[in-house]
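Let me begin by handing over the structure; questions about it come next.
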Amino acid sequence: MNNHPYDRSPRDNKREQSQSRGQPINEQIRYPRMQLILDDGQNLGVVTRAEALAKAQLAHLDLVIIAEQGSEGVPVAKIMDYGKAMYAKKKKQAQAKKHAKVIQIKEIKLRPKIGEHDFQTKINQAVGFLQEGMRLKITLMFRGREMAMQQARGVEMFDRIQKALEEAGIQHLAMEKEVRMGPAWTRMYYIKK
């Protein structure tokens, strides 16, 4: 293998990329013996490194370690087109990511001394979020003297919020969790299906 960057073949570049990912291919494989699987799926059993490399070069494909420890106590290697396999793997991951359901959490922050109009605006936002299928995090913030009546005012405010949401047409509302940390009191809501 030449050291000059212009004298490298595409297969050499592929080897360097795989080495950076940590998966040994072709000459990077240092195991003296391995279980070999051909590109058509045929299992040849345990062969030497030289035999496996020769079969891979004869097929114009790559020798790739697919398992560090096989059933026979030796690593398992497969003859395959490494670039094509990596491309298929990336496509499969992208497809899985595209179909994954993302749960969005929207947060609304309130204070105990909120005005009626501001309260209605926050409730309208909450209704919109819940109807879109998002989870809703409502945080009630207390400051100064409000902290002395935190328990009573907190329960009163959350009851008021729940009643307002039910009046706005939100049915089957469920509380997921409740957290109290210092001046903040948070409840997480979602609509039960």
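The values are calculated or read from the model by the stated rules, or taken from the named source; none is laboratory data. These figures come from a predicted structure and were not determined experimentally. Note that we place each Cβ from the backbone using ideal geometry, even for glycine, and neighbour counts take in every protein chain shown.
From the list 60, 99, exactly one residue is surrounded by fewer than 13 Cβ atoms within 10 Å (Cβ to Cβ), at pLDDT below 85 and out of contact with any helix residue (DSSP H, G or I) (no Cβ under 8 Å at 6 or more places or on another chain). Which is it?
So the residue among 60, 99 that is surrounded by fewer than 13 Cβ atoms within 10 Å (Cβ to Cβ), at pLDDT below 85 and out of contact with any helix residue (DSSP H, G or I) (no Cβ under 8 Å at 6 or more places or on another chain) is 99.
Under 7 Å between Cβ atoms, which residue pairs at least 6 apart in sequence (or on different chains) link something in the range 15-38 that is assigned by TED's automatic domain parsing to the domain that holds residue 79 and on the phi > 0 side of the Ramachandran plot with a partner that is in a helix (DSSP H, G or I) and at pLDDT below 80?
The qualifying pairs are 26/15.
Every residue in the range 134-193 that is among the aliphatic types (A, V, I, L, M), under 31 Å from the mean Cα position of the chain (by Cα) and exposed (fewer than 11 other Cβ atoms within 10 Å of the Cβ), please.
Within the range 134-193, 174, 181 qualify.
Related question: Please verify whether residue 45 is farther than 30 Å from residue 183 by Cβ and in contact (Cβ under 8 Å) with a residue 40 or more places away in the chain, treating the condition exactly as stated.
When the stated conditions are applied, residue 45 does not pass them.
I need a count of the residues in the range 163-191 that are of a type outside the set (Gly, Ala, Ser) and either in a strand (DSSP E or B) or outside the structural domain of residue 147 (by TED's automatic domain parsing) (or both).
Total meeting the criteria: 15.
Return the residue satisfying two criteria in turn: it lies in the range 63-81 and is surrounded by 13 or more Cβ atoms within 10 Å (Cβ to Cβ) and in a loop (DSSP other than H, G, I, E, B), and of such residues it is modelled with the lowest pLDDT.
Among those that are surrounded by 13 or more Cβ atoms within 10 Å (Cβ to Cβ) and in a loop (DSSP other than H, G, I, E, B), it is 70.
When both residues are 6+ apart or on different chains and their Cβ atoms are under 7 Å apart, which pairs have a first residue that lies in the range 109-124 and is crowded, with 16+ Cβ neighbours inside 10 Å, and a second that is assigned to a loop (DSSP other than H, G, I, E, B) and not hydroxyl-bearing (Ser, Thr, Tyr)?
112/142; 123/168
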